[in-house]
Amino acid sequence: MKLKTKENIYGYIFISPWLLGFIFLSIGPMVMSFLFSFTDYDYFSPLRFVGLSNYEEIIFRDDLFHNAIVVTSRYVLLYVPLRIVFALLLAVLLNQKIRGMHFYRTIYYLPSILGGGVAVSVMWQMLLSRDGAVNALLKVFGINGPNWLANPRTALYAIVIMSCWAFGSAMVIFLAGLKGIPDELYEAASVEGATPVRQFFYITLPLLSPVILFNLVMSLINGFQVFTQAFIMTNGGPLNATRFYVLYLYQNAFQYFRMGYASALAWILFFIIMVFTLLIFRSSAFWVHYQNM
């Protein structure tokens with residue numbers, strides 16, 4: 001047996017645990033969910049093939065689906081720009097060479113370690129209650145804050161604020177990108193009389209555009225899949241103001257026992273995310289700059 005063939009065999013043996021997990025825990029469930037999307041299945045009765053009726057009902061007759069699309073889109077339009085802007089500005093500030101910068105970086109990254117799980121959602125639920133710390137702070141300035149999560153006008157914004165709080169991962173990626181920009185470019189711009197603001201828009205942003213593209217795509221994907229915050233804090237209320245797409249999908253699958261319908265919802269979400277991701281990559285040719293090109 002040739003040496004190259006032996007190396008290939010050993011390579012496949014070493015990656016076989018991950019490969020088997022990927023096939024049976026990712027690819028397999030995706031194929032099954034695609035098949036389920038054409039059926040009427042409630043866990044307890046035999047599968048019944050219904051063709052495209054699940055997709056037809058979702059698109060043409062399901063008002064809650066349309067509501068979930070609108071709510072999730074509003075969330076994404078708020079969450080994605082705010083997260084990227086906050087992460088980028090903090091990364092620029094934390095890229096300065098001053099004493100104690102490692103401590104500040106750790107403090108700002110800490111919320112991302114906590115994540116957006118159940119404990120953090122409960123904490124924010126207490127902070128955003130009528131007698132919570134947020135309203136107590138507003139009262140200092142003479143503002144009577146609402147019960148954020150019980151008001152249909154403010155519930156979505158409350159969840160956006162909570163989600164943007166954990167922007168540490170995007171900030172660290174921006175910080176790594178800033179470290180890759182040569183200092184000589186800033187020195188040459190300073191000699192030419194460019195102000196820090198002009199340096200930011202004409203040097204930092206263009207050279208950081210590949211990192212912005214990455215964070216934009218990842219934030220978009222995460223935004224469309226928001227679930228835990230609404231499930232724990234509002235359960236889709238009040239008046240469906242926070243019934244996000246994945247929460248509605250979960251309710252169909254595990255509360256209404258409509259697994260076929262939920263599978264169809266999942267594949268619609270897959271295509272929505274894929275279309276927006278492809279559009280972003282298509283547009284990147286006009287605004288993303290690579291240094292070696």
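Do any helices (runs of 4 or more DSSP H) entirely within the range 134-223 hold 1 or more residues that are among the basic types (K, R), and if so, which? Don't jump to the end; show me each part of the working.
Working: elements: 155-165, 168-179, 183-191, 196-199.
Ranges flagged: 168-179, 196-199.
Across the range 9-52, which residue is nearest to R258 (Cα to Cα) among those that are small (G, A, S) and loosely packed, with under 12 Cβ neighbours inside 10 Å?
So the residue we want is S45.
Aromatic (F, W, Y), out of contact with any helix residue (DSSP H, G or I) (no Cβ under 9 Å at 6 or more places or on another chain) and touching a residue at least 24 places away in the same chain (Cβ under 8 Å): is that true of F44 in this structure?
yes
For R130, which of the numbered conditions (1) over 30 Å from H289 (Cβ atoms); (2) outside any loop (DSSP other than H, G, I, E, B) fails to hold?
(2)
When you scan the range 243-293, how many residues do you find that are within 17 Å of F65 (Cβ to Cβ), without any contact (Cβ under 8 Å) to a residue 24 or more places away in the chain and of a type in the set (S, T, N, Q)?
Final tally of qualifying residues: 3.
If we keep just the residues of the range 174-186 that are surrounded by 18 or more Cβ atoms within 10 Å (Cβ to Cβ) and of a type outside the set (G, A, S), which is nearest to T228 (Cα to Cα)?
So the first thing to find is which residues in the range 174-186 are surrounded by 18 or more Cβ atoms within 10 Å (Cβ to Cβ), and the list is 174-175, 177.
Adding the requirement that they be of a type outside the set (G, A, S) leaves 174-175.
Values: F174: 26, L175: 28 Å.
If we take residues in the range 174-186 being surrounded by 18 or more Cβ atoms within 10 Å (Cβ to Cβ) and of a type outside the set (G, A, S), then F174 is nearest to T228 (Cα to Cα).
Can you tell me which of (1) modelled with pLDDT of 95 or more; (2) of a type outside the set (D, E); (3) more than 22 Å from I221 (Cβ to Cβ) is the one I23 doesn't meet?
I23 satisfies all of (1) modelled with pLDDT of 95 or more; (2) of a type outside the set (D, E); (3) more than 22 Å from I221 (Cβ to Cβ) except (1).
Pick out the one residue from I159, I203 that is of a type in the set (A, V, I, L, M), closer than 27 Å to R74 by Cβ and touching a helix residue (DSSP H, G or I) at 6+ places or on another chain (Cβ under 8 Å).
I159
Go through the range 133-156 and give me each residue that's without any contact (Cβ under 8 Å) to a residue 12 or more places away in the chain and in contact with a helix residue (DSSP H, G or I) (Cβ under 7 Å, 6 or more places away or on another chain).
Correct list: A133, T154.
Residues to consider are L265, L208, L239, L247; find the one that is surrounded by fewer than 19 Cβ atoms within 10 Å (Cβ to Cβ) and not acidic (D, E).
On the way: L265 fails: surrounded by fewer than 19 Cβ atoms within 10 Å (Cβ to Cβ); L208 fails: surrounded by fewer than 19 Cβ atoms within 10 Å (Cβ to Cβ); L247 fails: surrounded by fewer than 19 Cβ atoms within 10 Å (Cβ to Cβ).
Answer to the check: L239.
If you take the residues of the range 74-86 that are surrounded by fewer than 16 Cβ atoms within 10 Å (Cβ to Cβ) and within 12 Å of the chain's Cα centre (by Cα), which of them is nearest to I107 (Cα to Cα)? Walk me through it before giving the result.
Going residue by residue through the range 74-86, those that are surrounded by fewer than 16 Cβ atoms within 10 Å (Cβ to Cβ) are 74, 77, 81, 85.
Filter once more, so that each one left must be within 12 Å of the chain's Cα centre (by Cα): 77, 81.
Details: L77: 27, P81: 22 Å.
Among them, the one singled out is P81.
Give the number of residues within the range 87-123 that are surrounded by 12 or more Cβ atoms within 10 Å (Cβ to Cβ), of a type in the set (S, T, N, Q) and modelled with pLDDT of 85 or more.
Looking only at that region, the number is 2.
Could you tell me which numbered condition G236 fails, if it satisfies all but one of (1) small (G, A, S); (2) within 17 Å of the chain's Cα centre (by Cα); (3) on the phi > 0 side of the Ramachandran plot?
(2)
The values are calculated or read from the model by the stated rules, or taken from the named source; none is laboratory data. No experiment lies behind these values; they were computed from the predicted model shown. Here Cβ is always computed from backbone atoms with ideal geometry, including for glycine, and neighbour counts include all displayed protein chains.
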